[in-house]
1. When you go through (1) among the small types (Gly, Ala, Ser); (2) part of a loop (DSSP other than H, G, I, E, B); (3) open to solvent by less than 80 Å² (accessible area, probe 1.4 Å) one by one for Gly246, which number turns out not to apply?
2. Does any residue of region 168-179 turn out to be in a strand (DSSP E or B) and either acidic (Asp, Glu) or at pLDDT below 90 (or both)?
3. Conditions: (1) open to solvent by less than 50 Å² (accessible area, probe 1.4 Å); (2) touching a residue at least 24 places away in the same chain (Cβ under 8 Å); (3) among the small types (Gly, Ala, Ser). Gly225 meets all but one. Number of the miss?
4. Can you tell which of Val211, Val171, Val185, Val205 is hydrophobic (A, V, I, L, M, F, W, C), in contact (Cβ under 8 Å) with a residue 60 or more places away in the chain and open to solvent by less than 70 Å² (accessible area, probe 1.4 Å)?
5. So in region 38-62, with the set limited to residues that are free of Cβ contacts under 8 Å to residues at least 40 places away in the same chain and open to solvent by 80 Å² or more (accessible area, probe 1.4 Å), which one is farthest from the chain's Cα centre (by Cα)?
6. Which one of Gly192, Gly219, Gly202 is at pLDDT below 90 and under 16 Å from Phe240 (Cα atoms)?
7. Under 7 Å between Cβ atoms, at least 6 apart or on separate chains: pull out the pairs that start in region 131-155 with a residue that is in contact (Cβ under 8 Å) with a residue 24 or more places away in the chain and end on any residue that is polar (S, T, N, Q) and open to solvent by 70 Å² or more (accessible area, probe 1.4 Å).
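The values are calculated or read from the model by the stated rules, or taken from the named source; none is laboratory data. Just so you know, these numbers come straight off a predicted model, no measurement behind them. FYI the Cβ positions are ideal-geometry reconstructions off the backbone, even for glycines, and counts take in every protein chain you see. In case anyone asks, the SASA skips ligands and DNA or RNA and just uses the protein heavy atoms, side chains included. Shrake-Rupley method; radii C 1.70, N 1.55, O 1.52, S 1.80 Å.
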Amino acid sequence: MDGSSSAQDSGPESLELTAGSPRPSDPERELDELRARAYGPDADIEADPAAMARLVELEAAHLAAATAVRTGGSAVGAAPVPAAAPAAPTGDTRPAPARRPPRRAWAVVGATVLVGALAAAVWNLVPRPDATLQQVAVEADSDIIRVLSAQGRGPVASTLHRFELYHDVRVWSVEDHAGKVCFIVWDLAASGRFSIKCAPPGTEVALTLSVAREADEFGHWLPDGSNVDFRFRENTVDVFVRPPAG
């Protein structure tokens, strides 16, 4: 009797890997998810600007990596996303075609540029003052208090504010006993021009002095017919120079 028994396979069963792509890295999975949100039937990425920006970043990195594979170089300078670990090729090693950033992403970029351009245009259209006068120290016995008192306006001396000179024009504001704020401009050097307007607190007031060569020497540094507007705000006075009409 043959005492030998038939040989039996006792080793572990071998597993065969099917041909296919390696397990995707985290950035690749993220890119696939974002592509689905951008191109899929339930696309919703347009409402998520952060996701759109990330998609553009990942697409750029993907394109840089694909270009490096074609040229035999490295993807140095690509978008800062983690690199996938190299794996042995098991199938078609040709790089996948690079996907272009979604139209929605470019729409957001275009809209941002457009908004910036419009903001710049509006800024250029808004008139800016030729000078802004700041408050300066004021004398308690200022001549302007005596002048306003003589006019019967009842100025409250403790509320007097004086602003920086504009050429030779002096500028003040002061409250009267009726609770209004009076604004004064006075050219003490060349013409003696004096202008005053009183209004409730919080009202933006403007006083204008016009250049008239035949009348006096005010505005001798400006063309004849120019207007100088003094616009009073809470703590400053903006000065706008308007050229002659026509």
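1. (3)
2. The first filter runs over region 168-179 and keeps only residues in a strand (DSSP E or B), leaving 169-176.
Still in the list and also either acidic (Asp, Glu) or at pLDDT below 90 (or both): 175-176.
The answer is yes; a qualifying residue exists.
3. Failing condition for Gly225: (2).
4. Working: Val211 fails: in contact (Cβ under 8 Å) with a residue 60 or more places away in the chain; Val185 fails: in contact (Cβ under 8 Å) with a residue 60 or more places away in the chain; Val205 fails: in contact (Cβ under 8 Å) with a residue 60 or more places away in the chain.
Result of the check over Val211, Val171, Val185, Val205: Val171.
5. Pro41
6. Details: Gly192 fails: under 16 Å from Phe240 (Cα atoms); Gly202 fails: under 16 Å from Phe240 (Cα atoms).
Going through Gly192, Gly219, Gly202 in turn, the sole match is Gly219.
7. Partner pairs satisfying both residue conditions: Gln135/Asn235.
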